[in-house]
Amino acid sequence: MKLASLKQNRDGRLVVVSRDLSRYADATAVAPTLQAALDDWREIAPRLADIAAALDADRIAHFPFDSIACAAPLPRSHGWADGSAYVNHVALVRRARGAELPASFWTDPLMYRGGSDAFLGARDPILIADVAWGLDFEAEVAVIAGGVSQGASRQAAEQAIELVVLVNDVSLRNLISSELAKGFGFVQSKAQTAFSPVAVTPDELGSAWDGAKVSLPLLSALNGAPFGRPDAGVDMTFDFPTLVAHAAKTRPLGAGVIVGSGTVSNRDADGGPGKPVAAGGVGYSCIAELRSVETILHGAPKTPFLKVGDRVRIEMNDAQGRSIFGAVDQEVVSLAP
């Protein structure tokens, strides 16, 4: 089934969305919000599935679905932890600045804990006060889990995965190096994170979901031009159960915690650093990776970061070319002083 939160109050109003993303049915009689549903998922999920079946069979009252009315599926969350599961991305970025990749990066996931108090909806603008901060998008996949016990096994973590979403992990690249140099972590370098209008249960992905990762291209576009189409199931060094278990190693995770994959990145077929879509490659899921490749090949980056008026689109289609999650479609807007 597919679930969304219409903009209403702080936590949205839960609705069930048809498989073709054309209609929705109100779900508040079952659970007022997605967080409330996740808090009692074993009881609530079958009742939501009944609504979904009735909606797809046109046996229930429904309304036209428009993603512009959507908040993030979880407008705020008890936790947002973002990994860096595609080590190819990390390797390219470090190679471009002449930094060695530690061997441990292939065995121990990188992960940061991000701000989760106010997520952006799929059509909300990206507000920027200063473009000199180096505004970038990051196209990712994430899972939403039920409660996870401290020290949970990989198997237990896999069983806790309830929903899948797409992510735009908005980053401010020119603030990162000085912030990390302090020896702590991201705070100002990460702007508000945006999510796809719809969260889906893993069964909606069919054979593309193997219990651990999504094997479909993640499509991103910048100002209408294709930017990336890497397969999210390829070169994923750490799968989602591994990432969830990593996040829960030393503390439990509450129901509704979101765990992201990090920037989706594929190696080039010839072993090189990758090619843009226009050159026949799978492209990239963020500008920083393209700039890293430009630096590796030509000595310096040439592609600028985002500016006011730019538009980013992130989407994933099924094997028949139908949108699964709806699209993250955001314009960069200046934040007035």
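The values are calculated or read from the model by the stated rules, or taken from the named source; none is laboratory data. The model shown is predicted, which means the values in this text are computed figures rather than measured ones. Cβ atoms come from the backbone with ideal geometry, glycine included; neighbour counts cover every protein chain shown. These accessible areas exclude ligands, DNA and RNA; they are computed on the full protein's heavy atoms, side chains included. Shrake-Rupley method; radii C 1.70, N 1.55, O 1.52, S 1.80 Å.
For the stretch 139-155, which positions are open to solvent by less than 40 Å² (accessible area, probe 1.4 Å) and more than 19 Å from PRO73 (Cβ to Cβ)? If you could, list the steps in order and put the result at the bottom.
The first filter runs over the stretch 139-155 and keeps only residues open to solvent by less than 40 Å² (accessible area, probe 1.4 Å), leaving 139-146, 148, 152.
Selection gives ALA152 alone.
Look at GLY326 and say whether it is surrounded by 14 or more Cβ atoms within 10 Å (Cβ to Cβ), modelled with pLDDT under 95 and not β-branched (Val, Ile, Thr).
Details: surrounded by 14 or more Cβ atoms within 10 Å (Cβ to Cβ): yes; modelled with pLDDT under 95: no; not β-branched (Val, Ile, Thr): yes.
No; evaluated as a whole, the condition is false for this residue.
I'm trying to understand the selection: among the residues of the stretch 192-212, which are within 21 Å of ASP136 (Cβ to Cβ) and either open to solvent by 40 Å² or more (accessible area, probe 1.4 Å) or of a type in the set (A, V, I, L, M, F, W, C) (or both)? Within the stretch 192-212, GLN192, ALA194, PHE195 meet the criteria.
Could you check, for the stretch 271-282, whether at least one of its residues is assigned to a strand (DSSP E or B) and open to solvent by less than 20 Å² (accessible area, probe 1.4 Å)? Checking the stretch 271-282: not a single residue is assigned to a strand (DSSP E or B) and open to solvent by less than 20 Å² (accessible area, probe 1.4 Å). Looking at this structure, is ARG267 in contact (Cβ under 8 Å) with a residue 12 or more places away in the chain, assigned to a loop (DSSP other than H, G, I, E, B), closer than 25 Å to ALA208 by Cα and out of contact with any Leu (no Cβ under 9 Å at 6 or more places or on another chain)? Taking the combined requirement at face value, the residue satisfies it.
For VAL93, state whether it is closer than 30 Å to VAL293 by Cα and either touching a residue at least 60 places away in the same chain (Cβ under 8 Å) or open to solvent by 20 Å² or more (accessible area, probe 1.4 Å) (or both). So VAL93 fits the description; yes.
All conditions in (1) of a type in the set (A, V, I, L, M); (2) outside any helix (DSSP H, G or I); (3) touching a residue at least 24 places away in the same chain (Cβ under 8 Å) hold for VAL30, with the sole exception of (3).
Quick check on this structure: which one of VAL259, VAL333 is over 30 Å from LEU205 (Cα atoms), aliphatic (A, V, I, L, M), in contact (Cβ under 8 Å) with a residue 12 or more places away in the chain and assigned to a strand (DSSP E or B)? I'd like the intermediate steps shown before the answer.
Details: VAL259 fails: over 30 Å from LEU205 (Cα atoms).
Testing whether each residue is over 30 Å from LEU205 (Cα atoms), aliphatic (A, V, I, L, M), in contact (Cβ under 8 Å) with a residue 12 or more places away in the chain and assigned to a strand (DSSP E or B) leaves just VAL333.
Consider ALA319 carefully, then state whether it is exposed (fewer than 15 other Cβ atoms within 10 Å of the Cβ), touching a residue at least 24 places away in the same chain (Cβ under 8 Å) and of a type in the set (A, V, I, L, M, F, W, C). So ALA319 passes the test. Just one of the listed residues (SER189, SER261, SER178) is open to solvent by less than 10 Å² (accessible area, probe 1.4 Å), over 15 Å from the mean Cα position of the chain (by Cα) and on the phi < 0 side of the Ramachandran plot, and it is SER189.
Determine whether the stretch 230-249 contains at least one residue that is buried (at least 16 other Cβ atoms within 10 Å of the Cβ), at positive phi and in contact with a Phe, Trp or Tyr (Cβ under 8 Å, 6 or more places away or on another chain).
Just the residues of the stretch 230-249 that are buried (at least 16 other Cβ atoms within 10 Å of the Cβ), to begin with: 230-248.
Applying the additional criterion that residues be at positive phi yields 235.
Okay, now just the ones that are also in contact with a Phe, Trp or Tyr (Cβ under 8 Å, 6 or more places away or on another chain), so 235.
Scanning the stretch 230-249 turns up at least one residue that is buried (at least 16 other Cβ atoms within 10 Å of the Cβ), at positive phi and in contact with a Phe, Trp or Tyr (Cβ under 8 Å, 6 or more places away or on another chain).
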